[in-house]
Amino acid sequence: MRQSLTSAVNLIKGHWQLIAIVALVFVFWNTMLVLPLKILVVFLHELSHAGAIILTGGSVESFSVSPQQGGLVIGRGGNRFVSLSAGYLGSLMLGMGLLMIALRTNADRAALGLFGGVMLIVALLYIREPFAMAFSAGCGAVMLATAWFLNRNLCDLILRVIGLTSMIYVPFDIFDDTIRRAGLRSDAYMLAEEFGGTTMMWGGLWLVLSLVMIVFGLKNVLGRNSNVRIDLRIR
């Protein structure tokens with residue numbers, strides 16, 4: 001009993017910042033404060049679709065996200081099974097990758113700047129709708145400016161917030177889109193239409209895989225202490 005209590009105390013002490021971020025995201029989940037983060041995870045979802053289309057030999061015709069947390073990528077060619085499967089798990093992998101960079105490397109500025117650059121390129125090449133254009137270009141510009149002018153620890157914090165939000169949002173989104181509302185025309189719905197199975201089957205498989213990925217990732221990335229000193233000075 002005492003050993004378990006000590007382990008719990010050490011866990012909280014070693015990772016109180018990550019715990020605080022997760023708690024704050026949950027507390028403000030249904031507010032405007034977290035909405036931009038949710039849309040950013042949707043951007044990662046659509047980016048994963050677009051990347052899968054391009055990597056399997058296709059081309060992207062258009063790319064969009066909406067204030068209602070929706071998104072759409074229209075592509076031509078590529079592997080349909082791979083591109084449909086890439087959205088949820090791909091966005092989770094990208095979010096976990098950002099968290100891993102923050103926790104395990106000193107490449108926070110480079111990662112945040114690269115992310116911002118990708119958002120600007122996507123806005124320039126593929127987005128035509130006003131909201132999606134403003135969101136993608138605006139976030140990209142802010143990320144680049146943050147990476148250029150502010151210190152590494154603040155960039156680290158931003159990557160942690162994005163990564164943890166992705167890890168919260170993706171399993172919830174899979175459940176909501178493919179299991180709770182199985183009739184919704186989701187990625188799983190289209191996969192079932194084109195390749196067999198059911199929406200709930202594909203959604204359930206993705207949900208299990210997402211939870212396994214999260215547990216495995218946290219187990220192998222956290223270490224003994226993940227806290228970082230936050231310094232807001234301009235470099």
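Scanning the range 77-104 for residues that are over 16 Å from Thr165 (Cα atoms), free of Cβ contacts under 8 Å to residues at least 60 places away in the same chain and within 18 Å of the chain's Cα centre (by Cα) returns Ser83, Ala86.
Among (1) surrounded by 22 or more Cβ atoms within 10 Å (Cβ to Cβ); (2) over 14 Å from the mean Cα position of the chain (by Cα), there is one condition Ala107 misses while meeting the rest; what is its number? The failed condition is (1). Among the candidates Ile127, Ile158, Ile168, single out the residue that is surrounded by fewer than 22 Cβ atoms within 10 Å (Cβ to Cβ) and not in a helix (DSSP H, G or I). Answer to the selection: Ile127. Does Ala134 satisfy the condition of being of a type outside the set (D, E, K, R), part of a helix (DSSP H, G or I) and crowded, with 19+ Cβ neighbours inside 10 Å? It is false that Ala134 is of a type outside the set (D, E, K, R), part of a helix (DSSP H, G or I) and crowded, with 19+ Cβ neighbours inside 10 Å.
What residue, of Gly196, Gly183, is out of contact with any strand residue (DSSP E or B) (no Cβ under 9 Å at 6 or more places or on another chain) and closer than 14 Å to Ser85 by Cα?
Working: Gly183 fails: closer than 14 Å to Ser85 by Cα.
Only one candidate qualifies: Gly196.
Only one entry in Asn220, Asn227 is of a type in the set (S, T, N, Q), within 26 Å of Arg109 (Cβ to Cβ) and assigned to a helix (DSSP H, G or I), namely Asn220.
In the range 111-165, the residue that is farthest from the chain's Cα centre (by Cα) out of those that are of a type in the set (Lys, Arg) and farther than 22 Å from Ile53 by Cβ is Arg152.
Where a number appears in this text, it was derived from the coordinates with a stated rule and is not lab data. The model shown is predicted, which means the values in this text are computed figures rather than measured ones. Quick reminder, even Gly has a Cβ in these numbers, built from the backbone with ideal geometry, and neighbours come from all protein chains shown.
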